[in-house]
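The values are calculated or read from the model by the stated rules, or taken from the named source; none is laboratory data. What you are looking at is a predicted structure, and each value in this text was computed from that prediction instead of being measured. Here Cβ is always computed from backbone atoms with ideal geometry, including for glycine, and neighbour counts include all displayed protein chains. Side chains are part of the model used for accessible areas, which takes the heavy atoms of the whole protein and leaves out ligands, DNA and RNA. Shrake-Rupley method; radii C 1.70, N 1.55, O 1.52, S 1.80 Å.
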Amino acid sequence: MTASTTRRWTATKHRTPRTSRTVAVAATAVAGALLLTACGDQTNGASDQEKKGTATAAPLADKLPQSIRDKGVITVGSDIAYAPMEFMDENNQPAGVDVDLGKELGKVLGVEFKFTNATFDQLVLGMNNGRHDIVMSSMTDTKARQQGATEDAKGGADFVNYFKAGSAILTHKGNPKNIKGLDDLCGLTVAAQRGTANEDLLKAQQAKCGDKKIKEFISDQDTDSITQLQTKRADAVITDFPVALYNELEAGGGNLFEVVGDQIDAAPYGIAVSKKNTELRDALQAAVQKIIDDGTYMDVLKKWKAESGAIEKATINAGQ
């Protein structure tokens, strides 16, 4: 993430890494506010008809490594608990921005993108150990992650940039604690997801609070942070801006939560690829640019009201 802030999105729903990552999940409605959560490994599959259609309309298939073309599948590691970016729908199937973008990338590459659920801070390590081919999980691209300098990115990775977002503060509707920015979190109970830039923001602010310490709740999943807020055991959550906006608009019919202040440190999200697999990396970059150019990329973002995170050019390792 950069050190700057950007204005909040207007009427849009908008994860990040340790040392920089921005969007962790969302609540939809449980008796007025049901949380969408992911439990255990889950995958999404395409029908035979969808696979056939993909195979016959794949202008960039020849850019993929032959091993992936032969198996017809790119396995995708993802922490599928981060609506609207990735979450389990009412049928317990992966859904969201990343999942729909994966479907569109699959069409131009002639393969299925098969999402598998995993813990966020183990995704890059799992990829480098061969558990999945890539990571697509609202992961903020940072130099530290590229170099494997963070605990959640052992072995490092290259990142194909496909979206841009920052962090945000989510609190109760009506903002009863009068939170306007990070400085106002001192003395409050604040939740954030482990291994994310949001946790880093929380700890950085903690160091500035002096005697008026923040009571930290660090969760393994962003949904747990949202639950703490919903049950009023936390005063605020630091999460990715798209996730915060989604919860503000959707949870409890829009009556539960409120995003306060500006978006913080907007930075690129990246599809993580092994540094040893440059052929796959370059194929993904070409595919992202293809769907940007033909308009299907923006169609997906509009579907999820996330178009303010759109980029115009697919880059590699643009994170700072």
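Taken over region 277-307, the criterion of being open to solvent by 30 Å² or more (accessible area, probe 1.4 Å) and in a loop (DSSP other than H, G, I, E, B) is satisfied by Asn277, Trp304, Lys305. Taken together, the residues in region 155-202 that are on the phi > 0 side of the Ramachandran plot and either open to solvent by 40 Å² or more (accessible area, probe 1.4 Å) or modelled with pLDDT under 95 (or both) amount to 5.
Could you tell me how many of the residues in region 241-276 are of a type in the set (A, V, I, L, M) and not in a helix (DSSP H, G or I)?
Of the residues in that region, 9 qualify.
Which of the numbered conditions does Asp133 fail, given that it passes all the others? Conditions: (1) at pLDDT below 95; (2) open to solvent by 10 Å² or more (accessible area, probe 1.4 Å). With respect to (1) at pLDDT below 95; (2) open to solvent by 10 Å² or more (accessible area, probe 1.4 Å), Asp133 is out only on (1).
On the basis of being open to solvent by 40 Å² or more (accessible area, probe 1.4 Å), within 26 Å of Ala83 (Cβ to Cβ) and among the small types (Gly, Ala, Ser), does Gly253 make the cut? Against the criterion (open to solvent by 40 Å² or more (accessible area, probe 1.4 Å), within 26 Å of Ala83 (Cβ to Cβ) and among the small types (Gly, Ala, Ser)), Gly253 qualifies.
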